[in-house]
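For reference, the structure is listed below as structure tokens.
Derivation of every value follows stated rules applied to the coordinates shown; laboratory data play no part. Keep in mind the model is a prediction, meaning the values are calculated, not measured. Note: ideal-geometry Cβ built from the backbone for every residue, glycine included; neighbour counts use all protein chains shown.
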Amino acid sequence: MKENTLFPIVALGGDVQAGNVLGHVGRFEIIPIVKLLVDTVYQRAVSHGSVKNIRRICQDFDWSKFLPVIVTQDGDTYSIVDGQHRTTAAATIGITEVPCYILSCTASEAAAAFAAINGNVTPVQPIDLWFAELAAKKPKAVALQRVLDAAGVKITRKKEGFLAGETRSITVLQRAHEFYGSAILTTILQCIVETSDGNPGMLFGAMINGIGRAIRTKPEVLANPSHLFAVFDDISLSELLYDAKIESARTNNPVQFIITRQINAALKRGVVEVANAA
């Protein structure tokens, strides 16, 4: 049975106070780009960073990602309130007209609209962007998800009370995937999730990279995962983290580097024990 992911808009309850409804509903039109102007009273000039953004839009132009340009009208010309970059990109690749939402307001109200639109944007959290990219089957997201599945790791929106294998650290994992590659990252995560009691709460940046930096240059260790996991079965990562934080507070050495040193020492002891047993 498919999980229902569609939910209706529900008005807020409680003591929310309704204010006056100002202005008028605008209208939608397709407008030639030559009629769209930029008002420098409140619009920003195209910066170096803007050019990079416009180039990205040009390279991957998709109407499904093109929000209507918000404009005000004065006779036969229109001032852009929001959408200068995407309109510039459209013009650059030869598009001559774009969908616009025309506000019914004065010039001063347009400036206020610009401030409201660009100042009251709710930031998209990395974890929400991750789920969107995964749903869109972006290749990097799909490849990382394969690693997470192999290691028994699940991205969760929970902010506390993590179970073994659960984490919100999607940005850390994305960067780790690029740095270590799929095979080594899978092993790093397994060292945490598939040893001891599953080490709940230990899937975060300093621990993932502390372990990664310790094992990534040791092909003899990576070639023998059963021995590697046996070493980690004897490590209490929570105690290791506690000791690393105390040392870091005393010495100002980064926690991640201390964890790497501690893991290296544990791996060395494991090699010695195997040699002695032989």
Folded to 0 to 90 degrees: helix 107-119 orientation relative to the chain principal axis, Cα: 10
Pair ARG250, ASP233: separation of 7 Å Cα→Cβ label points (nm): 3.2
Nearest-ten-degree value, helix 48-59 long axis tilted from longest Cα axis of the chain: 90
Per-residue Cβ neighbour rank within 10 angstrom, fewest leading, TYR78, TYR101: TYR101, TYR78
Placed amide H near ILE31: partners under 5 Å, 5+ positions off or other chain: VAL98, CYS100
Point-to-point label distance, ASP243-ARG157, nm (Cα→Cβ direction, 7 Å offset): 4.0
Selected from ILE57, ILE208, ILE188 as most flexible by GNM, with the chain as the system and alpha-carbon contacts under 10 Å: ILE57
Rounded tilt (10° steps) of 170-180 against the dominant C-alpha axis of the chain: 60
Among [x] 18.6; [y] 19.1; [z] 23.5, the entry that matches Kirkwood radius over Cα pairs in Å as calculated here: [z]
Residue-count net charge about ALA116 - beta-carbon cut-off 12 Å; Lys, Arg +1, Asp, Glu -1: -2
Full-stretch length increase - ASP197, ASN20 - with 0.36 nm per residue and alpha-carbon distance subtracted: 58.0 nm
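Let me know the longest stretch in the chain that avoids all GluC sites (Glu not before Pro) found in a DSSP loop with at most 12 other C-beta atoms within 10 Å. Mind showing how you got there, number by number?
Numbers: sites that count: GLU3, GLU160.
Longest stretch, sites excluded: 4-159.
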For the stretch 237-245, 3J(HN,Hα) per residue [Karplus equation, 6.51 cos²θ - 1.76 cosθ + 1.60, θ = phi - 60°, Hz, x = Gly/Pro]: 5, 5, 5, 4, 5, 4, 5, 5, 5
